[in-house]
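Heads up, the thing below is written out as structure tokens.
All of the numbers you see were taken from the coordinates with simple rules; none came from a lab. Every value quoted in this text rests on a predicted model; they were computed, and no experiment measured them. Cβ coordinates were reconstructed from backbone atoms using ideal geometry, including for glycine residues, and neighbour counts include every protein chain displayed.
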Amino acid sequence: VWTSTAGAELSRYPRNTKLDQKISVFSGDITTLEIDAIVNAANNSLLGGGGVDGAIHRAAGPLLKKECASLNGCETGQAKITCAYSLPAKYVVHTVGPIVQGRVGEAEKRALRSCYKNSLQTATDNGARSVAFPCISTGIYGYPPEQAVHEALATVRDFLDEHHEKLDRVIFCVFLPTDKDLYLHNLPLYFPEG
Ligand code: AR6
């Protein structure tokens, strides 16, 4: 199923070397990245949790939670920005992915795409020119990684097609070896090198 979807996607995205140069896959801990903005896969409360959210709050220190507590939470698919405190990044963009139980429906798909789009929008509105994403929703929230990768790559490609002048780099930060394989395998469908 995914092979044929990928084939259809291929024809939708022409080669654009300018965009290809802005995309990287980094395998490791997102809290170590010295870039303008890292994205956090948070929950609606924005008050911290497990997974990448827990790692980001631990590395940023308690002031991050204090600022998050002043934001009145965040709706699923939306994004809010804070300082990054003790992290080497400048900002943290907090977004809330959809929870998937059973099959992925249109609403979850749309919400996941909104996470990527609104995170890029919020980051660039604040002058960030480099942004790193974890694999939103694919941990505790249960979104199948092999489906999420397509939404992530397509949304970033669409945003760059429209706003390439606003960004120097978008990094897909993968934590699991299986996600690294998924991204490296599917990247050429959305950023074809010709
Ligand atoms: N750096 C990069 N990626 C990481 C790191 C890290 N340090 N740690 C984990 N990952 P998850 P979700 C990967 O569960 O599914 C929290 O409790 C992880 O391997 O962190 O969106 C929130 O408060 C996976 O690939 O986020 C919410 O309640 C990816 O990050 C809920 O979890 C996302 O997994 C959100 O669940």
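Points to keep in mind about this one:
- Positive-end ranking of 74, 188, 140 along the dipole of the chain, with charges on Cβ about the Cα centre, is headed by 74.
- Helix-derived mean residue ellipticity, 222 nm - over the chain, DSSP H n ≥ 4, -39500 (n - 2.57), to 500: -14000 deg cm²/dmol
- Student exercise, the stretch 6-89 dipole from Lys, Arg, Asp, Glu Cβ charges, in Debye to nearest 20: 120 debye
- Pairs of Lys in the stretch 41-154 closer than 16 Å at Cα, counting only those 8 or more apart or on different chains: 6
- Of the residues 33, 87, 63, the one whose Cα sits farthest towards the positive end of the charge dipole of the stretch 22-136 is 33 (charges of +1 on Lys and Arg Cβ, -1 on Asp and Glu Cβ, taken about the Cα centre).
- Each Lys and Arg contributes +1 and each Asp and Glu -1, all at the Cβ; summed about the Cα centre of the chain, the dipole is approximately 220 debye.
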